Every structure is written in structure tokens, then in C-alpha cells.
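Asks: First, the structure itself, so that you have it in front of you.
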Amino acid sequence: MQHRLVLKKKKVKRTAYDLLTNDSGEELPLMEEYLISPKALTESMQEAWSMRNGGKAAPDNITVDNLWLIPSDIHLSGAEIELSHKIGRETRLREALLPIIDKFDYIIIDTPPSLGLLSINAMCAANWVMVPVQAEYYALEGFSMLMNSIKMIQRRINRNLKIFGVAMTMVDARSKLSRHVCDQVNTKMPKKLFKTTIRRLVKVAEAPWSGAPTVLLNKPTNSGAGAGSLEYWTLAKEFHQRVAAMRREFGVNEQPRLLLDRNR
């Protein structure tokens, strides 16, 4: 799911573009100057919802408590050109995130639907890749290309990179093509495919226009407006269960960092 937040300029000191194109060679103050706090995110979502709904007060459920965000803007679209002649262009994101890597339970890096330098930076910085695949023909073709790119990055740049899972999105069970794509992905990676699928739902598509993510705006239900919210929450639960199983397998017993330090 994608959702766009419009943050006031006074709340944004630095963006992802500044992070990737930094040439100072020094440790970046990510927590102080780059990360947007949960409080600022909540205010921005509530403002966006209010603007979309005639100035009404935003519902109480449009809030986030434990999410920090490195913001982006239109300048990021030109980062690949800017990075093309810079030293260490593939590993800049990994180097920038090192100071905060142990401060969070999860660091999620969203990437564009391409195999350029932005995606390569993300895969160099990550230990795991979660791949959303639309149940469409061209998405299946792109999936095969992505798998080849991951193998190349594993071999040449990041030997720790592994595929965490594959999630099918925009699924239409009535469509033969949609069912065929799901079957093909399941054949290629049966152990990595999540059981939860995200259907093609109008309410999910309308979420950015509404001013809040569907998982916050709509109460999870089996049908109606909350169906998409339920599917995403179910996918998140399956994701968490898979992480918990891996932790048990490798003997990792540490507590979540947010429980260890609630005042961060």
C-alpha cells in the first residue's frame, strides 16, 4: 500500500535525496535532522484528512505511535543521475543508516518499481527483501527480472541479502490471468509466498485521496470498507509471525527496542 503525506516545510529539515547525495563523509544526524517523528506524522495525516473532508476534525484512529519516517520529495527522482558519477554510489544508503540500525525493530525501505540505483541502494542496505507482486502479466515479467537482479547483488555487493517473502497484490479471483500469475509465483517460490493476498479493492485505491491509510481509516471487517484494512492487517500479522519463527530458529530472544526504551 502506498500513501502520500504532505508535510509542512518547517517540519522537514532533510530528505532522502540529501541523505543519498551527502559527500561530507561524516556520520549523519538522522534522528535529529532527517527522521520525522510519530507526532509530526499524526498531525500531517489529520490535516490531510481534514482538508479532504471539508474541514472536519479527523477521527481519533488516524494516529501513529511508533513510526518514524525519512521524507522524500520530487528531487529524489533526479538522484540516480546525481549518484551516477559519485564514489560508492551503490552503498550510500547502507552507510547512512548504520548509526541508527540498532535503534529500531524494523527499518522498511520502499523502492520505486525499477531496477535503478535507488533500488540497488535499498537492496545493499537491507538483509531481507519482501516483494509485492501485482497479479498482472507485466508484473510477472518484472518479477523474474528482479530475482535475477537480487542474485547479482547477492553475488557482488551484499552477500547477506535474502528473500523474506512474496506478497500477491491487486488480486482478482474472477480473472484467469490473475489466477495464472498467482499460480506461477507459487510454483517458483512456494515457501516464500505469503498465504494472505491483497485483492483489488476500490477502498484501498481511494485511501490516498481520503487523506489516511486504509489500515487506520477503516476498521478491519470481512466485507465493505474495512475489507482492505483486514487484508493488510492480516498480512502484517503473518509477516510478524514469520519474523518470530525465524528469531526462535536462530535463538534470538531480545525484547523489542520500543519496550526497552519507551522514551526514544
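Asks: Looking at region 230-238, can you tell me whether even one residue there is surrounded by 17 or more Cβ atoms within 10 Å (Cβ to Cβ) and either of a type in the set (Gly, Ala, Ser) or farther than 30 Å from residue 31 by Cα (or both)?
Replies: We begin by selecting, within region 230-238, every residue surrounded by 17 or more Cβ atoms within 10 Å (Cβ to Cβ); these are 230-232, 235.
Checking the rest, the ones that are also either of a type in the set (Gly, Ala, Ser) or farther than 30 Å from residue 31 by Cα (or both) come to 230-231.
Checked region 230-238: at least one residue is surrounded by 17 or more Cβ atoms within 10 Å (Cβ to Cβ) and either of a type in the set (Gly, Ala, Ser) or farther than 30 Å from residue 31 by Cα (or both).
Asks: Could you check region 161-264 for helices (runs of 4 or more DSSP H) lying wholly inside it with 2 or more residues that are within 21 Å of the chain's Cα centre (by Cα)?
Replies: On the way: elements: 176-188, 202-210, 214-217, 227-249, 257-260.
Of the helices (runs of 4 or more DSSP H) lying wholly inside region 161-264, those with at least 2 residues that are within 21 Å of the chain's Cα centre (by Cα) span 202-210, 214-217, 227-249, 257-260.
Asks: Go through (1) at pLDDT 85 or above; (2) part of a helix (DSSP H, G or I); (3) not basic (Lys, Arg) one by one and return the number of the condition residue 59 breaks.
Replies: Among (1) at pLDDT 85 or above; (2) part of a helix (DSSP H, G or I); (3) not basic (Lys, Arg), residue 59 violates only (2).
Asks: Considering only residues of region 117-175 that are polar (S, T, N, Q) and surrounded by fewer than 18 Cβ atoms within 10 Å (Cβ to Cβ), which is farthest from residue 86 (Cα to Cα)?
Replies: Here is the first cut: in region 117-175, the residues polar (S, T, N, Q) are 119, 121, 127, 134, 144, 148-149, 154, 158, 160, 169, 175.
Subsequent filtering for residues that are surrounded by fewer than 18 Cβ atoms within 10 Å (Cβ to Cβ) retains 127, 144, 148-149, 154, 160, 175.
Values: 127: 24, 144: 29, 148: 25, 149: 21, 154: 22, 160: 24, 175: 46 Å.
Residue satisfying both the conditions and the ranking: 175.
Asks: Here's another thing I want to ask about it. Given the conditions (1) touching a residue at least 60 places away in the same chain (Cβ under 8 Å); (2) among the polar types (S, T, N, Q); (3) touching a strand residue (DSSP E or B) at 6+ places or on another chain (Cβ under 8 Å), and given that residue 196 satisfies all but one, which numbered condition is not satisfied?
Replies: Status for residue 196: all satisfied but (1).
Each row is one residue, and each column tells you yes or no for (1) touching a Leu at 6+ places or on another chain (Cβ under 6 Å); (2) surrounded by 12 or more Cβ atoms within 10 Å (Cβ to Cβ).
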site: 17; (1), (2): yes, yes
site: 52; (1), (2): no, yes
site: 87; (1), (2): no, no
site: 92; (1), (2): yes, yes
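The values are calculated or read from the model by the stated rules, or taken from the named source; none is laboratory data. From a predicted model like this one, the values you see are computed outputs, not experimental measurements. Heads up, the Cβs are rebuilt from the backbone with ideal geometry, glycines too, and the neighbour counts pull from every protein chain shown.
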